[in-house]
Amino acid sequence: MLEKIKALSTEIENYLISSKEDLENYRLAFTSRNGILSQLFEEFKTVANDQKKVLGAEINKLKQLAEGKFLMHKEIIDAQEENNDTNKKDLTLPVIPNQLGSRHPLSLTRSRIIQIFERIGFNVSEGPEIEDDWHNFTALNFPENHPAREMQDTFFINKNPDILLRTHTSTVQVRLMGRQKPPIRSIMPGRVYRNEAISARAHCLFHQVEGLYIDKDVSFSDLKNTLYYFVKEMFGKDIEIRFRPSFFPFTEPSAEMDITCLICKGEGCNVCKQSGWVEIGGAGMVDPNVLKANNINPEEYTGFAFGMGIERMTMLKYQIKDLRLFTENDVRFLRQFSGVV
Ligand code: PHE
């Protein structure tokens, strides 16, 4: 029997398989249910017990050889067939176009803002979205239990009211003052959270870009000029900016900023409630208390800060009427920004 196994093993090794038919013949001869291998296993049952161990091992080796060869050639032949198939395809047919994605309108506005401010020497700073009371309030001159804290409906963490979701990116100003000596000239774009009912005009998460400039002799006219330049670059040369007195705990004096309504160009329409102006954010001179709390000497340095809504600016620029569109991921909306850079 050993002789027979050896002979079969040479036969298998030398068997030429070059087509689908060859492969089938090979299978029928060796590995199929009625093939030689099955017969051999039948014969094996009658072998004397003391020879079973040696012969058994040999037969198994033969089986592996036979099946291995079958699988290898099957793979080669299948691959050849597949190739033949592609050769038959009509290569002159037009291609199915690749669906290209597009940038999210908020990212478009964000990069445009960064581009404009980088040209006048502002770098970009970032910070965490989960913050503590110090960075969101205390270091920004919000006194303990002061009603100003309620201007911003804050999400607190129940188990530890010291931890919260930042309500503005002014937190990054605090982080920046903590790690860098003046001069500081930076903008902070980022996501912020407020506990507000979701509507066409408000969301519990949105994006802001804040700016901070601290150096010797920084004045309110620097603030005005910077924002004047920004608005013209962002919205066009014929857009005007105006400042209205306001209040923020961290700036003194403080102002709210309006720009010419982009829809009616100042004529008066529904969007601007017939006023010709729309609000884009707040600004002011950094309060000396904030500088002190952040170890900067207010006798030596002054600074300005501003904060604007990225959603608001995007809505004005592209005339989007509902803020919820930004987070719904409806491709019919998003696709309209493909090709916009
Ligand atoms: N942090 C303010 C807000 O979120 C905006 C602001 C920033 C106002 C800087 C003045 C100066 O409402």
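The values are calculated or read from the model by the stated rules, or taken from the named source; none is laboratory data. Not measured: the values here are computed from a predicted model. As a convention, Cβ positions derive from the backbone with ideal geometry for all residues, glycine included, and neighbour counts pool all protein chains shown. The area values use the complete protein model at the heavy-atom level, side chains included, leaving out ligands, DNA and RNA. Shrake-Rupley method; radii C 1.70, N 1.55, O 1.52, S 1.80 Å.
Near the amide H of THR251, within less than 5 Å, lie the amide hydrogens of ASP287, all on another chain or at least 5 residues away, with H placed in the peptide plane. Remark on the chain: CYS204 stand apart, with no other cysteine beta carbon under 4.7 Å. Rounded to the nearest 20 debye, the dipole magnitude of the chain is 340 debye, with +1 charges on Lys and Arg beta carbons, -1 on Asp and Glu beta carbons, and the Cα centre as origin. Each Cα pair of the range 2-87 feeds into the Kirkwood radius, which the Stokes-Einstein equation turns, at 10 °C and 1.306 mPa s, into a diffusion coefficient of 113 µm²/s. Shown here are the Rg and Dmax of the Cα trace of the chain, at 37.3, 108 Å. Here the gap between GLN39 and GLU118, fully extended at 0.36 nm per residue and compared with their Cα-Cα distance, gives a gain of 20.2 nm.
Residues of the chain: accessible area per residue at 1.4 Å, in Å²? Walk me through the intermediate numbers first.
Values: 19830 Å² over 341 residues.
It amounts to 58 Å² per residue over the chain.
For the range 62-139, the equivalent ellipsoid derived from the alpha-carbon gyration tensor has semi-axes of 61, 27, 11 Å in decreasing order.
Modelled spin-label separation between ASP215 and SER275, with each label point placed 7 Å from Cα along the Cα-to-Cβ direction: 3.3 nm.
Pairs LYS20/LYS45; LYS232/LYS265; LYS159/LYS292; LYS181/LYS232; LYS53/LYS74: which exceed 24 Å Cα-Cα? It would help to have the intermediate numbers written out before the result.
Working: LYS20/LYS45 34 Å; LYS232/LYS265 14 Å; LYS159/LYS292 31 Å; LYS181/LYS232 31 Å; LYS53/LYS74 32 Å.
Beyond 24 Å between Cα atoms: LYS20/LYS45; LYS159/LYS292; LYS181/LYS232; LYS53/LYS74.
Each residue of the range 194-199 is assigned a 3J(HN,Hα), and the resulting list reads 9, 7, 10, 5, 7, 8 Hz, derived from the Karplus form 6.51 cos²θ - 1.76 cosθ + 1.60 (θ = phi - 60°), x at Gly and Pro.
Computed from phi, the 3J(HN,Hα) profile of the range 119-126 under the Karplus parametrisation 6.51, -1.76, 1.60 (θ = phi - 60°) reads 5, 10, x, 8, 9, 10, 10, 10 Hz, with x in place of Gly and Pro. If you take all other residues with their beta carbon under 15 Å from the beta carbon of TRP134, and give Lys and Arg +1 and Asp and Glu -1, the sum is 0. Can you tell me which aspartates and glutamates have their Cα less than 19 Å from the Cα of LYS4? Leave out same-chain residues fewer than eight positions away. Qualifying aspartates and glutamates at Cα under 19 Å: GLU13, GLU42, GLU43, ASP50, GLU58, GLU67. Using a 7 Å offset from Cα along Cα-Cβ at ASN49, what residues in the range 1-38 end up with backbone N under 18 Å from the label point? Backbone N within reach: none found. Of the solvent-accessible surface of the chain, computed with a 1.4 Å probe and all protein chains present, 51% belongs to carbon and sulfur. The residue among SER32, SER19, HIS73 whose Cα reaches farthest toward the positive pole of the charge dipole of the range 2-87, with charges on the beta-carbon of Lys, Arg, Asp and Glu, is SER32. Give the separation of the Cα centroids, the range 4-67 to the range 202-280, in Å. Cα centres, the range 4-67 to the range 202-280: 87 Å. Scalar couplings 3J(HN,Hα) for the range 177-186, obtained by applying the Karplus form with A = 6.51, B = -1.76, C = 1.60 to θ = phi - 60°, are 5, x, 10, 9, 7, x, x, 10, 9, 8 Hz; x denotes Gly and Pro.
Placing unit charges on C-beta atoms (Lys and Arg positive, Asp and Glu negative, everything else neutral), compute the dipole magnitude of the range 47-162 about its Cα centre in debye, rounded to 20. Write out the running numbers ahead of the final one.
Details: 14 positive and 19 negative charges, 161 e Å.
Magnitude of the dipole: close to 780 debye.
Applying 1/(1 + (r/R0)^6) with r as the Cβ-Cβ distance of ASN83 and ARG103 and R0 = 51 angstrom yields a FRET efficiency of 0.80.
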